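Here's the structure, in structure tokens; my notes come after.
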Amino acid sequence: MERKLASIQIIKNVQPIENAENIERVDILGWHLVAKKGEFKIGDKCIYCEVDSILPERPEFEFLRNKNFRIKTVKLRGQVSQGICFPLSIIAQDNLEEGQDVTSIVGIEKYEALIPCAMQGKIKSNFPSYIPKTDETRIQTVPKVLERHKNFLFYVTEKVDGCSITAYIKDGEFSVASRRLVYLDTPDNIWWQMAHKLKLEYKLKSLNMNIAIQGELLGNVQGNKYKLKENRVLWFNVFDITEQKFLDLFDFNNLISYLGLETVPLLQFDFILDKNIDELVECSKGISNIYNIPREGIVLRSMKETWDEELGRLSFKVINPDFLLKFD
């Protein structure tokens with residue numbers, strides 16, 4: 001599912017914030033955010049801009065200059081706020097419909113943490129179209145998923161914070177990619193360094209199939225929040241390129257174990273999806289299994305691979321606001 005950084009949404013609820021005279025909480029989709037008191041009422045249309053949106057340098061966004069125009073998770077008067085809503089008047093366009101993507105109309109770009117050029121090396125190509133990119137949707141953006149799949153069985157893994165890595169074999173050729181790019185094998189490329197260290201080419205070729213494994217590269221990336229002494233990869237996906245499908249949990253675990261690799265921490269089997277969004281956010285909180293810091297969050301996937309009309313693959317993430325407030 002492609003992320004809409006800015007979209008037309010409806011104000012679902014408005015609530016007061018304790019000890020706050022000038023601000024109040026408004027609810028959009030599954031998100032809670034802080035707005036100026038009286039600016040919106042239930043049923044109003046607005047432009048909702050998600051966290052990690054970078055807004056253009058325009059007068060109406062000048063209040064974000066000290067944050068380089070980036071929207072972050074913040075806490076105001078004890079209320080966590082994730083995103084900003086603006087009146088429709090900031091864009092000169094009529095007939096705006098609920099859910100409409102207005103990212104390009106507003107002129108928003110997505111924030112991406114910079115990877116030092118010295119770690120990247122030389123680019124071979126863009127990420128291949130025949131492998132899904134590693135980009136989970138936050139449940140607050142798709143709240144109806146909880147209704148459609150209520151009481152389904154899921155498994156829960158820790159969401160870890162690093163750099164995405166995909167290693168794959170296609171027609172006998174081994175390649176390594178970040179979230180968006182495939183790289184040539186050069187000594188300074190961190191993804192290829194890990195591929196060699198873990199003997200991924202030999203291991204994947206031994207399977208005699210077109211296959212991709214996807215994980216998170218931790219260590220000397222993203223500030224090394226986990227204080228690791230050496231780089232490490234934790235894997236969370238196996239994708240059969242020929243069949244165009246992800247492996248179920250049982251087959252995924254067996255294959256990663258057979259390859260002698262590590263998975264992301266598995267927190268719970270047979271999780272019954274009977275909670276609302278606020279309850280899931282509470283579930284996302286806790287200490288990482290890797291190091292004594294707040295975990296980034298959790299990822300929920302159906303025990304048996306399932307298709308959802310909105311998400312595609314039935315898989316979503318819930319980010320821990322404590323992590324965002326500490327590290328974002």
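One residue alone among Leu259, Leu273 is crowded, with 17+ Cβ neighbours inside 10 Å, of a type in the set (A, V, I, L, M) and either closer than 20 Å to Tyr168 by Cβ or outside the structural domain of Lys304 (by TED's automatic domain parsing) (or both), and that residue is Leu259.
Among residues of the range 155-180 being of a type in the set (Phe, Trp, Tyr) and surrounded by fewer than 22 Cβ atoms within 10 Å (Cβ to Cβ), the one that is nearest to Leu234 (Cα to Cα) is Tyr155. If you go through the range 283-316 and keep only what is over 20 Å from Leu153 (Cβ atoms) and free of Cβ contacts under 8 Å to residues at least 60 places away in the same chain, you end up with Lys285, Gly286, Ile287, Asn292, Pro294. Considering Glu112, Glu39, the condition of being crowded, with 16+ Cβ neighbours inside 10 Å and among the charged types (D, E, K, R) is satisfied by Glu39 alone.
If you go through the range 173-186 and keep only what is under 25 Å from the mean Cα position of the chain (by Cα) and in a loop (DSSP other than H, G, I, E, B), you end up with Ser178, Arg179, Arg180. I'd like the residue in the range 42-69 that is touching a helix residue (DSSP H, G or I) at 6+ places or on another chain (Cβ under 7 Å) and surrounded by fewer than 18 Cβ atoms within 10 Å (Cβ to Cβ) and, out of all such residues, is farthest from Asn13 (Cα to Cα). Looking at residues that are touching a helix residue (DSSP H, G or I) at 6+ places or on another chain (Cβ under 7 Å) and surrounded by fewer than 18 Cβ atoms within 10 Å (Cβ to Cβ), I get Glu60.
Scan the range 257-267 residue by residue and report those that are in contact (Cβ under 8 Å) with a residue 40 or more places away in the chain and either farther than 17 Å from Ile290 by Cβ or acidic (Asp, Glu) (or both). Leu259, Gly260 - these are the residues of the range 257-267 that are in contact (Cβ under 8 Å) with a residue 40 or more places away in the chain and either farther than 17 Å from Ile290 by Cβ or acidic (Asp, Glu) (or both).
State whether one or more residues within the range 155-172 are more than 16 Å from the chain's Cα centre (by Cα), outside any strand (DSSP E or B) and under 22 Å from Ile241 (Cα atoms). Yes, there is a match, as at least one residue in the range 155-172 is more than 16 Å from the chain's Cα centre (by Cα), outside any strand (DSSP E or B) and under 22 Å from Ile241 (Cα atoms).
Lys4 fulfils the conditions (1) touching an Asp or Glu at 6+ places or on another chain (Cβ under 6 Å); (2) in a strand (DSSP E or B) except for a single criterion, (2). Does at least one position in the range 186-194 carry a residue that is among the acidic types (Asp, Glu) and modelled with pLDDT of 95 or more? Scanning the range 186-194, I find no residue that is among the acidic types (Asp, Glu) and modelled with pLDDT of 95 or more, so the answer is no.
Scanning the range 78-92 for residues that are loosely packed, with under 15 Cβ neighbours inside 10 Å and either touching a strand residue (DSSP E or B) at 6+ places or on another chain (Cβ under 9 Å) or in contact (Cβ under 8 Å) with a residue 24 or more places away in the chain (or both) gives Gly78, Pro87.
The values are calculated or read from the model by the stated rules, or taken from the named source; none is laboratory data. These numbers were taken from a predicted model, which means no experiment stands behind them. In this analysis, Cβ positions are derived from the backbone assuming ideal geometry, glycine residues included, and neighbour counts consider all displayed protein chains.
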